[in-house]
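I have placed the structure first, in the form of structure tokens, so that the comments after it can refer back to it.
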């Protein structure tokens, strides 16, 4: 098991609460049967922004033992509930291969016949480069399969920084030398205090910068995930935090920035805060304002901005007033901005809702 950075300071009270709610979730988990362990959690195809064009994404979420950080003594991140889909116990290498093959066999014909190019996003609700989740043998098997699919031009994997090592990046490049590669890293915020005392990430910004350097040395891109409106942060604070993070990441020449408005996942500490009415998911208005403040059209020539919020337009996800017209209008604005990378799309809301007045009154306090 990889050691985590001993220099990180934690909010011990928060860590205890996160650990408590995590354990409650794990106690309620049912064991998966053999059929479930031989199929991925889910997979899909949809429109997505590729590096220089609009194409499609093919996303596969594999079921593994789960994130080492979430299963450890610190309990994981305050907002993350993905561990509920994990197996907790080790998943056999053959089963993980079968999961990948199952998704691929269902979609390969559609991909090959499509006129669009594809990005393959391969997730496992943890770290793809963690040997405890996915072995070297399984990784190589998957890489060989991906390499043979010409329509897949880009590949995105996710990992915590402690598993990003030169030998693993050399391995990826050896098999996928003809694909554009990105490693997705959950940075969440550039502010160490917010990241480790509100989110409980167990990561220093200096370690993230080291991971960027390692990736650059091996000609592999970095996709940074930012959490929009962490717990204990109000709307104004969320905009300020995210704006600072975006600008700093552009300076660091990160290839892609994925902005993830917090959604309330079951069994998490953030859900506890939400039930107590101590947390409200962010407003679309805040996200749009933040994007316009943080970016210029010139920036978007060198960095790709992504955002596909989970639970959007519901009480648990980013939302305005929950009126159907208001939510669908905002969701479409965000979708078009991501696909086109054109900031002008953020000013094209088709539904002018009076909830904007309520938002302006609340944003500094809630």
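The values are calculated or read from the model by the stated rules, or taken from the named source; none is laboratory data. All values reported here derive from a predicted model rather than from experimental measurement. Heads up, the Cβs are rebuilt from the backbone with ideal geometry, glycines too, and the neighbour counts pull from every protein chain shown.
Structure summary
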{"quantity": "So residue 119, is it in a strand (DSSP E or B), touching a helix residue (DSSP H, G or I) at 6+ places or on another chain (Cβ under 9 Å) and within 26 Å of residue 216 (Cβ to Cβ)", "calculated": "no"}
{"quantity": "Checking residue 75 against (1) out of contact with any strand residue (DSSP E or B) (no Cβ under 8 Å at 6 or more places or on another chain); (2) touching a residue at least 24 places away in the same chain (Cβ under 8 Å); (3) outside any loop (DSSP other than H, G, I, E, B), the condition it does not meet", "calculated": "(3)"}
{"quantity": "Selection within the range 336-352 - part of a loop (DSSP other than H, G, I, E, B) and modelled with pLDDT under 95", "calculated": "348, 349, 350, 351, 352"}
{"quantity": "Residue identified as touching a helix residue (DSSP H, G or I) at 6+ places or on another chain (Cβ under 6 Å) and within 23 Å of residue 201 (Cβ to Cβ) among 233, 303, 254", "calculated": "303"}
{"quantity": "Subset tally (residues that are closer than 18 Å to residue 236 by Cα and either in contact with a helix residue (DSSP H, G or I) (Cβ under 7 Å, 6 or more places away or on another chain) or buried (at least 18 other Cβ atoms within 10 Å of the Cβ) (or both)) for the range 269-285", "calculated": "6"}
{"quantity": "Enumeration of residues in the range 336-348 that are surrounded by 14 or more Cβ atoms within 10 Å (Cβ to Cβ) and without any contact (Cβ under 8 Å) to a residue 60 or more places away in the chain", "calculated": "336, 337, 343, 345, 346"}
{"quantity": "Of the criteria (1) free of Cβ contacts under 8 Å to residues at least 60 places away in the same chain; (2) closer than 23 Å to residue 57 by Cα; (3) under 20 Å from the mean Cα position of the chain (by Cα); (4) crowded, with 21+ Cβ neighbours inside 10 Å, which one residue 186 fails", "calculated": "(1)"}
{"quantity": "Total residues in the range 194-216, condition free of Cβ contacts under 8 Å to residues at least 40 places away in the same chain and in contact with a strand residue (DSSP E or B) (Cβ under 9 Å, 6 or more places away or on another chain)", "calculated": "3"}
{"quantity": "Output for the range 24-60, where each listed residue is out of contact with any strand residue (DSSP E or B) (no Cβ under 7 Å at 6 or more places or on another chain), within 25 Å of residue 134 (Cβ to Cβ) and at pLDDT 90 or above", "calculated": "32, 33, 34, 35, 36, 37, 38, 39"}
{"quantity": "Failed criterion for residue 316 (all others in (1) touching a strand residue (DSSP E or B) at 6+ places or on another chain (Cβ under 8 Å); (2) part of a loop (DSSP other than H, G, I, E, B) hold)", "calculated": "(1)"}
{"quantity": "Any hit, the range 145-154, residues being crowded, with 16+ Cβ neighbours inside 10 Å, part of a helix (DSSP H, G or I) and under 22 Å from the mean Cα position of the chain (by Cα)", "calculated": "yes"}
{"quantity": "In the range 353-363, the residues that are modelled with pLDDT under 90 and either more than 22 Å from residue 280 (Cα to Cα) or more than 28 Å from the chain's Cα centre (by Cα) (or both)", "calculated": "360, 361"}
{"quantity": "Lone unmet requirement of (1) exposed (fewer than 15 other Cβ atoms within 10 Å of the Cβ); (2) touching a helix residue (DSSP H, G or I) at 6+ places or on another chain (Cβ under 9 Å); (3) without any contact (Cβ under 8 Å) to a residue 60 or more places away in the chain; (4) farther than 30 Å from residue 254 by Cα for residue 366", "calculated": "(3)"}
